[in-house]
Structures are given as structure tokens and as C-alpha cells.
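Before any comments, here is the structure.
The values are calculated or read from the model by the stated rules, or taken from the named source; none is laboratory data. Remember, it's a predicted structure, so these values are computed and weren't measured experimentally. Here Cβ is always computed from backbone atoms with ideal geometry, including for glycine, and neighbour counts include all displayed protein chains. Surface accessibility is based on the protein's heavy atoms, side chains included, excluding ligands, DNA and RNA. Shrake-Rupley method; radii C 1.70, N 1.55, O 1.52, S 1.80 Å.
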Amino acid sequence: LRQHVSSFNPIIYRKFNGIKFHLCHYPLFSWRAREHGSIHLYGHCHGSIENKMSLLDPYRKAIDVGIDYAFRCFGKWRPFSLDEILIMLA
């Protein structure tokens, strides 16, 4: 497993293009620097809660980035690009 996985951390914080990201397998209601524009990327739910979460909090900067949700959005099994994530959350 260690040959194929670079990290075993349950939560990872990274900055891409000057934007802070909070990465976790599970969706969270709150995350580090949420009030300061950080974005939460998660999987686990297979796109099943996206519409429900946006109804609860329309300003929520979080999105399921699993390939099954990408298939629902784009018709292809592939990862999201950073540009697509930013457009979808705008």
C-alpha cells in the first residue's frame, strides 16, 4: 500500500493557486478557515448530498470531487480539474 499512497492523513490542508483547500474523504459542515474562503473537497457520498447541502447553506464552498459525481456532471469517469471546481463553486 505504501508504494501507491503518499499520505495516510485523514485530513489534509493544501494551497493551490493561492486558494486554501481542506481535503477529507468525508463531507464536513465546518472546516479550517471556512469563514475566510477556504474550499472543502471530499468524496464518500457519490454526489448524493450536493443538492441537499446547497439548500442548507447556499454559500457553502465545498464539493464532492469523486469520479462518480464527475460522471453525473460531465458524462465521463474522470477527476475534476481545479478550474471546474472553482466554476462550480462560484
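Miscellaneous remarks
- Taking trypsin sites (Lys or Arg not before Pro) as exposed when their DSSP state is a loop state and no more than 14 other Cβ atoms lie within 10 Å, the longest site-free interval of the chain runs over 33-75.
- All alpha carbon pair distances within the stretch 1-40 were sorted into 5 Å bins beginning at 0; the resulting P(r) in whole percents reads 6, 22, 27, 20, 13, 8, 3, 1.
- Once you divide the Cα radius of gyration of the chain by 2.2 N^0.38 Å, the number left is 1.08.
- Residues in the chain average 72 Å² of solvent-accessible surface per residue, probe 1.4 Å, ligands and nucleic acids excluded.
- With every protein chain in place, the chain: carbon and sulfur % of accessible area (1.4 Å): 58 percent
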